[in-house]
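This report refers to the structure that appears directly beneath it.
What follows draws every value from the coordinates through simple rules; no lab data is involved. Predicted model, so just to flag it, every value in this text is computed and none were measured. Don't worry about glycine lacking a Cβ; one is built from the backbone with ideal geometry, like all the others, and counts go over all protein chains shown.
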Amino acid sequence: MRMTKRNRGLWVLGTTAIGVCALASAASANPTDATTEQGGSIVILPKVIWDGTRDTIIQIANIGNPVAQARCFYIDGGALNPDLPPGPTNPRLWNETDFNVFLTKQQPTQWVASKGRRVEVDSFKSAGYGLDPGLIPPVRKGFMGELKCVQVDDSEAPVRSNQLKGEATLRRSDGDVSKYNAIALRGNPGAGNNDNPNQLNLDWTQNNPGGQYSACPDTLIFDHVAYDAPDLVVGQLGTCSPSCFGGTNDGTACAVCASGANQGKTCTADTSATDCGAAGLCTAEDPKNTPCTGGGKCLECPVTTNLTLVPCSEDIENQLPSSSTVSFTIWDEFERRFSASTTVNCWLSADLNQIHPNAFSFSTLGTFSAHTRITPNPGAPGVLGVAEETRRDNSGTAEAKLSATAAFNLDGEGNRYDGSGVTDTMILPLP
Amino acid sequence: MSTKKGNMRRMILSGGVATLIALGMLGAARADITSDQAAAILIFPKLVVDTSAKLGPATDSEIQITNTSNSVIAARCFLINTSSYCSNSPVDNPIACTAEGVANKIPAPNGGCDTGASCIQQWTENDFRMTLTKRQPVSWKVSEGRLSDFPLSSASSVPGAQTDPWIGELRCVEVDPTTFSPTAGFNPINNGAGDLKGEATIISADKTTGKVDARKYNGIGIQASGGNNGDDILNIGGPAAEYTGCPNVIIVDHLFDDANVSTGNSTTGTVRTDLTLTPCGANLNLQIPNTVTLQFLVFNEFEQRFSTSTRITCSKEIQLSNIDTRPTSSDNPASIFNVNVQGTFAGQTRIRPVVDTANGVGDTILAVSEEFWDCDSGPIPSGATVGRCSAAANTHFQGARDLGDIMVMPGDNPQ
């Protein structure tokens, strides 16, 4: 009897411990998830630009003590005809250029996308000074696309020791900068390679401990400012009066008196303006009205957000770009829900109003802040991405001079493998 | 036979229990702070309000916080003032200062202090509650808060910054929407790890030049790790973890200060990096500032290694080149974080807080980095000042500590 009691006590203790451990392990962040804050075996910079105005500074580092080698791939997502928007008759190039980088213990390295990096003797304090990681080619002028680096061994077979991290800084010719962390897919050190070692399965999850690399998130989440919402801070600290953005009279003041003796007439200030008459209020004109012509909108220091998405699955060996249709659900501050969808062919970089003209807009949402969830459709490949916000003063004519960009990483929730039964794969070209 | 079986069963059970407890300890010790997933504690290490441009360009910060779950949630938040003021300031009109401003002899009230006065850092907090409905985002300017028009919750109210200029941080803890006691999250998809996410945007604008600058980073999340006893003492990591642990090492990849980076279209200009470091643990109840000693390992592109150390109390924003030198710009060329010493552009810095078991609330830190680029070399509109092009980024981390950190919240309910 005593034995039974003791055993029962141990069983209870054991069961409790199992429960505690299961809870602890289930509730902790999953070490198999894609991450922007830890090293990985695949690092992805979704947005690399060299368009003559914006260039990209790339930083990659080995965070481990053993040497790290990686095969890197620039994937050009520019349209065949750069003068026209991408579409079925103007597909994206999806050309890839690969190169190797070699990093010693804890070594950081950097290069500028437009210049690449040569293997040569450089002088102290110059850009190329340091152990060259290898010959890194420059991208063409007009390049817009992604950079992927996969950790490999001396034979260029993939290895999963999670030593790579990276950052990208987008710098405009006027000096404006915008920075984000690379997305890292963690590799499972205990997993073997496929028969084709260049096929990488993105299927490592808590429920699939034998998987190779982090599965892509099932849902991407990001908070953003409602598209074209007036900037709260620039409106307070900067010059922020309504003016036409875009169209044929870009930059023209477009406010009208909403009240007062001169109601309906053009005014010049954004608050109770004297030129509206007593107690008159000068506000931005309805965007649909003149005097903004040719598609311009009358706005006050609008905040805009650009979203860049890349599919997780890619067949670089056979040059088969991947496509993923994704759904957007958008919540405003009053818990009102809106939706939109788009297709990511190879590479998507679009302002939110290009994804849907109304669903993200301030005129629809009515609140400054919005919360958007991006979910690939059932069976579609996962996507990864980065967002970039633009803040500007009141003049729409000189966007490049008077605006500032700020990039930020998206959050992830769940994973495609467990959540949707999708196994994303990357197929690298034979080394 | 039956006794043998029983003994064997006991041994197996005991072994299993020990193994599971050990595994549990390992799990508890794992660091899982996150800036790309929802969490139960959300921390913004750096926020700035300086609307009258005393310490630099006119600046304010915007906060965005979202409930990522389908449930109604609540949060208790702490707006912590870490500004520094001159010791001879009038009580009702404190003169803000910075260590750099004093060291570089900038006159008060533009960052320095009058002769004889010292620059003393504050650490005071205002707390507030908010309730968020399903998937609800909310945003506000730190200078003003959101006192009267909080959407969908008349009981929620966000105070503005205590002073202007103001430098500080914001911490929000997910709590039960009924009892306002700390709780795990409600979203089964992330196993109840927490439902809060957020972003901070620091924006500067200049009415004269029209120049705008913005930098943005994700709030740092600390996820719930299972059982939460609901009291105001939050165990972050360690053997009795209610939340996952803070990291053992912070990793920052950066360009060395004063590197003159040339990008396409002949854009050139130097860069400097500031780190804002805040201890993971904090005793907000007794208002006892936490002091942490930090060891830095710095690697350049030749794999050459350097080290230095510093100590932070409460919170600290520091330019890399000031970590190992005085906070005067004239000392910067001699810093191991400066391109004039390292020669290479890129550096990797590993920040390891020194283990301090006597510290009552833990010894780990959280950080965010900011780059300030010299815009003057580019075609900037006339009148723009140096350093008006900035970018922020979340730092990387590695490993965990066996001993956890503690965050003590002030009591929320009237006694």
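When each of the peptides B:101-110, B:262-271, A:298-307, A:140-149 is scored by the mean number of other C-beta atoms lying within 10 Å of its residues, the order from highest to lowest reads A:298-307, A:140-149, B:262-271, B:101-110.
Just to verify a number: FRET efficiency for A:Ala261 and B:Glu144, C-beta to C-beta distance, R0 = 22 Å, to 0.05? Kindly include the intermediate steps, with their values, before the conclusion.
Values: r = 31 Å, r/R0 = 1.42.
Using R0 = 22 Å, I get an efficiency of 0.10.
Within the protein assembly as shown, DSSP assigns beta bridges of which about 95% are antiparallel (rounded to the nearest 5). Of the chymotrypsin sites (Phe, Trp or Tyr not before Pro) in segment B:231-332, the ones in a loop by DSSP (not H, G, I, E or B) with at most 15 other beta carbons within 10 Å are B:Phe302.
Once the Cβ-Cβ distance of A:Arg140 and A:Thr343 is raised to the sixth power relative to R0 = 22 Å, the FRET efficiency obtained is 0.30.
Among the cysteines of chain B, those with no neighbouring cysteine Cβ under 4.7 Å are B:Cys314. Look at B:Asp206, A:Asp51 and count the other Cβ atoms within 10 Å of each Cβ; fewest to most, that gives A:Asp51, B:Asp206.
What does the average come to when, for each residue of peptide B:218-227, you count the partner chain Cβ atoms lying within 10 Å of its Cβ? Please report the intermediate quantities before stating the final value.
Numbers: counts 10, 1, 1, 2, 1, 3, 2, 7, 10, 5.
Average neighbour count from other chains, rounded to a whole number: 4.
Computed from label points 7 Å out along Cα-Cβ, the spacing between B:Asn110 and B:Arg326 is 2.1 nm. The trypsin sites (Lys or Arg not before Pro) of segment A:334-431 that DSSP puts in a loop, and whose beta carbon has at most 15 other beta carbons within 10 Å, are A:Arg336.
Rounding to the nearest 20 debye, state how big the charge dipole of the protein assembly as shown is about its Cα centre with +1 on each Lys and Arg Cβ and -1 on each Asp and Glu Cβ. Mind dumping the intermediate values first?
Working: 61 positive and 86 negative charges, 449 e Å.
That gives the protein assembly as shown a dipole magnitude of about 2160 debye.
About its Cα centre, the dipole of segment A:93-193 is roughly 320 debye, where the only charges are +1 on Lys and Arg Cβ and -1 on Asp and Glu Cβ.
Residues B:Asp356, A:Asp411, arranged from fewest to most other Cβ atoms within 10 angstrom of their Cβ, appear as B:Asp356, A:Asp411.
When only the Cβ of Lys, Arg, Asp and Glu is charged (+1, +1, -1, -1), the dipole of segment A:113-171 relative to its Cα centre reaches about 400 debye. To the nearest 10 degrees, how steeply does helix B:2-29 sit against the main Cα axis of chain B, on a 0 to 90 scale? For helix B:2-29, the angle is close to 10 degrees.
Given a Förster radius of 22 Å and the C-beta distance between A:Val67 and A:Glu120 as r, what FRET efficiency does 1/(1 + (r/R0)^6) yield to the nearest 0.05? Intermediate values should be presented prior to the final figure.
Details: r = 21 Å, r/R0 = 0.96.
With R0 = 22 Å, the Cβ-Cβ based efficiency is 0.55.
Averaged over the residues of A:366-379, the number of partner chain Cβ atoms lying within 10 Å of the residue Cβ comes to 3.
Straight-line cross-link partners of B:Lys216 among the aspartates and glutamates, defined as a Cα under 13 Å from its Cα and at least 8 positions apart when in the same chain: A:Asp223, A:Glu388, A:Glu389, B:Asp60, B:Glu62, B:Glu199, B:Glu370, B:Glu371.
Note on B:235-247: average number of Cβ atoms from other chains within 10 Å of each residue's Cβ is 1.
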